[in-house]
Amino acid sequence: MRKLTYFIACSIDGFIGDPDGDASAMLAFVDEEYSTIIRAEYPETMPTHGRRAFGFDDVPNKRFDTIIQGRASYDVALKEGITSPYAHLREYVASRTLRKSPDPNVEIIADDLVGKVRELKAEDSEFGIYLCGGSVLAGELIGEIDELVIKTYPIVYGTGMPMFGSGFAVTEFTLESVRGFANGAVVRTYSRKR
C-alpha cells in the first residue's frame, strides 16, 4: 500500500498561513541550501512552473506520482492562470463547489474523498501520494495520513490557518528524522503510529 504524505510548511506556532491562508511570509526562507535539498529529495513538491524557474524541470520524481490538494490551494494557481500547477504529477483537487475541471490533467473529487484516497493508496506503485493542503483537507484526511513532512520556518503568526482544520482528536506519529538549516528552518519527518 502506498503512503499518503502531508508535506507542509508552517510557522513555529503551527500555522500554514495567516487567517486568510496567505503563506508568503515563509517564502523568505527558501534559500539555496533549502532549494538544493528540495531538488535532491522532493523535486515533485515544487509546482511545474517553479521547477522550470529554478532549473530542475528535468529532474525525475523521487517520492510521489500523485498530488491531492484542496480547492483553496488550487485557487492560488488558478488566480495566476495556471490550470495544471503540478503537470508532472497526476492531479486531484478536493472540492464540493468546483464541479468541472478547467484542465484535462486535473480530476475533481467532489464526493467520498476518503474512499478515493483509499483507492489511490491501494494502487500498485513505487511512489507515494503528496497531500499538498490545505488545512480543512488535511483535517478530513487525518485518518489516512501515513507520513508528515513538516517544514517549520522561524516565524510566529500568532493566529492563522492551522495545519489541521478538524475537531479535537489525538493522533500519534513517531519522529523519524530532524534536519536543521542555517536559515533557522527545520524539517521534521514523522510516520503514523498504527
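Can you tell me which of Asp103, Asp111 is among the charged types (D, E, K, R), in a loop (DSSP other than H, G, I, E, B), within 18 Å of Gln69 (Cβ to Cβ) and modelled with pLDDT of 95 or more? The match here is Asp103.
Restricting attention to region 76-100, the residues being under 15 Å from Gly134 (Cα atoms), of a type in the set (A, V, I, L, M, F, W, C) and at pLDDT 95 or above number 2. Among the hydrophobic types (A, V, I, L, M, F, W, C) and within 14 Å of the chain's Cα centre (by Cα) - does that describe any residue in region 173-189? Yes; the residues of region 173-189 include at least one that is among the hydrophobic types (A, V, I, L, M, F, W, C) and within 14 Å of the chain's Cα centre (by Cα). Counting only residues that are in contact with a strand residue (DSSP E or B) (Cβ under 9 Å, 6 or more places away or on another chain), outside any loop (DSSP other than H, G, I, E, B) and under 22 Å from Glu32 (Cβ atoms), region 43-99 holds 2 of them. Within region 115-142, residues that are assigned to a helix (DSSP H, G or I) reach partners that are of a type in the set (Asp, Glu) with beta carbons closer than 6 Å, at six or more positions or on different chains, in the pairs Val117/Glu144. Residues of region 19-26 include at least one that is assigned to a helix (DSSP H, G or I) and either surrounded by 14 or more Cβ atoms within 10 Å (Cβ to Cβ) or in contact with a Phe, Trp or Tyr (Cβ under 9 Å, 6 or more places away or on another chain) (or both).
Yes or no, residue by residue, for (1) of a type in the set (Ser, Thr, Tyr); (2) crowded, with 18+ Cβ neighbours inside 10 Å; (3) modelled with pLDDT of 90 or more:
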{"site": "Phe15", "(1), (2), (3)": "no, yes, yes"}
{"site": "Ala28", "(1), (2), (3)": "no, no, no"}
{"site": "Thr36", "(1), (2), (3)": "yes, no, no"}
{"site": "Pro47", "(1), (2), (3)": "no, yes, yes"}
{"site": "Arg52", "(1), (2), (3)": "no, no, no"}
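Of the residues making up region 140-194, those that are farther than 27 Å from Glu33 by Cα, surrounded by 12 or more Cβ atoms within 10 Å (Cβ to Cβ) and touching an Asp or Glu at 6+ places or on another chain (Cβ under 6 Å) are Gly160, Arg192. Residues of region 157-164 include at least one that is under 26 Å from Ala28 (Cα atoms), of a type in the set (Val, Ile, Thr) and in a loop (DSSP other than H, G, I, E, B).
The values are calculated or read from the model by the stated rules, or taken from the named source; none is laboratory data. Predicted model only: the values in this text are computed from it and were never measured. Counting neighbours? That spans all protein chains shown, and the Cβs are built from the backbone with ideal geometry, glycine included.
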